[in-house]
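Working notes, structure below.
The values are calculated or read from the model by the stated rules, or taken from the named source; none is laboratory data. What you see is a predicted model, and the numbers here were worked out from it, not measured in a lab. When we count neighbours, we look across all protein chains shown, and the Cβ atoms used for this are built from the backbone with ideal geometry, even at glycine.
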Amino acid sequence: MTQESQKKQRRLGVLIGGSGLIGGTLAHYFKSKTPEEFDIRAPSSKKLSIRNAQDIILYLQRLKPDFVINAAMASLDSDAQLAFETNYLGTVNLARACTALNISYIYMSSAAVLPHGENLAEEDRLPLKPNMTNYAKSKLMAETTLEYMGETMGLDYTIIRVAIVYGEHDHKIQGFHRLLFTIADESMPFLFTRRKVKHSHSNANKLPYFIHHILNHREEFSRQTYHFVDKEPVAFDDLALTIRAYLELKKPREIYVPYPVVQIGKFFLERLISFLGQFGIAARLPPEYMFLKDVYQSQTLSREKLEQSSFVDPAPKENIYTRLPSLIIYYLTRWGHLNLITRYKNEFFADDLEGDFLYRPEELLRSVHADSIAPFAELLETKGDDESSYLAS
């Protein structure tokens, strides 16, 4: 079989939102694990803005992919227009294109469309109301329209709902990583929750295996919604105290702050930020503050539908607790390099080259000049082969 015919057998996919935690994990998986089966394109927003219908039409018309995965989302605290255009209108325009091309559409949604409660099924969605957050409202509208397009237009879609996502390579401090950062930064003096309030978590590293599986089993997963969460929900207070124990800190202390007290504190912080703005000092509360009420109420998602499907969990014993040591090392190293947290600098990523760069730059410069500036031999060989081929032709 020729190389060209092998390429034709590979399925071509477009991944939207490849720079985020979920999108980046998907891009890495398909590039490293399935290069002979899939060819994934992850255009930046400069190449393809899903807020622009013409961008979508031109890009997909030229590429002619076999499927689209949409993992894009506006920031949690985006205004109404950006949330509407990115989370809803962009989602719908991609679906319109997929319907026209008769290709599969995988959409990443969120547990924000669900109420509080335990063992919530896929059908337990919130009613659409004006006072919802922009994020939850846009996600809920997107799900509703995809289902309607499946019924009326024949759209081949799968909706995957995730809860609190954890994993490496998240360039933003949000969700679970906000909790880890706040504890490591010692800026959480007490527990802002109630005892044993539980939430579901989603392992970003397992998600590509599920998407790979549903792409290979479209008949089973077409026009369906699935919760993709770990088997056991996690108590917020227990997780926070476990992180504290790993980091050998004294905070947060095991004192539970009532929600009304938190509301008062949030009110004064908002007034303070507004006051500072009058002096040209830009400050803002983390976007997760809009979900502050959620950490005082449980929300656990049912896995029954997922477990009854043909998908097999590639690592059934892996969860947030088993991943915690590696996540702590990864993020404290990253945040240390960015000078966001310096307390663990020497413990997690002390390096001889860093010491030379800080205290002996002249010695380091001489060493590089002596040993590390020669052209790469592999590239010189490649250049020689290319020249020989050109002369032979």
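A few remarks follow.
- Flag for residue 211 being in contact with a strand residue (DSSP E or B) (Cβ under 8 Å, 6 or more places away or on another chain), hydrophobic (A, V, I, L, M, F, W, C) and on the phi < 0 side of the Ramachandran plot: yes
- Identification of helices (runs of 4 or more DSSP H) wholly contained in the stretch 198-252 with 3 or more residues that are among the charged types (D, E, K, R) yields 218-221, 236-247.
- For residue 87: the one exception among (1) assigned to a helix (DSSP H, G or I); (2) surrounded by fewer than 20 Cβ atoms within 10 Å (Cβ to Cβ): (2)
- Against the numbered list (1) at pLDDT below 90; (2) part of a loop (DSSP other than H, G, I, E, B); (3) over 18 Å from residue 24 (Cβ atoms), residue 183 comes up short only at (2).
- Given (1) of a type outside the set (Val, Ile, Thr); (2) farther than 30 Å from residue 125 by Cβ; (3) more than 24 Å from the chain's Cα centre (by Cα); (4) modelled with pLDDT of 65 or more, index of the condition residue 279 fails: (4)
- Looking across the stretch 149-170 at every residue that is more than 28 Å from residue 97 (Cβ to Cβ) and not in a strand (DSSP E or B), the one that is modelled with the lowest pLDDT is identified as 170.
- Looking at the stretch 1-83, none of the helices (runs of 4 or more DSSP H) lying wholly inside it contains 3 or more residues that are at pLDDT 90 or above, more than 18 Å from the chain's Cα centre (by Cα) and not assigned by TED's automatic domain parsing to the domain that holds residue 146.
- Restricting 180, 207, 191 to those that are in the same structural domain as residue 260 (by TED's automatic domain parsing), of a type outside the set (Phe, Trp, Tyr) and under 18 Å from the mean Cα position of the chain (by Cα) reduces the list to 180.
- Residue match in the stretch 158-168 (condition: under 30 Å from residue 320 (Cα atoms), surrounded by 16 or more Cβ atoms within 10 Å (Cβ to Cβ) and touching a Gly at 6+ places or on another chain (Cβ under 7 Å)): yes
- Of all the listed residues (131, 93, 119), the sole one being over 19 Å from the mean Cα position of the chain (by Cα), part of a strand (DSSP E or B) and surrounded by fewer than 21 Cβ atoms within 10 Å (Cβ to Cβ) is 119.
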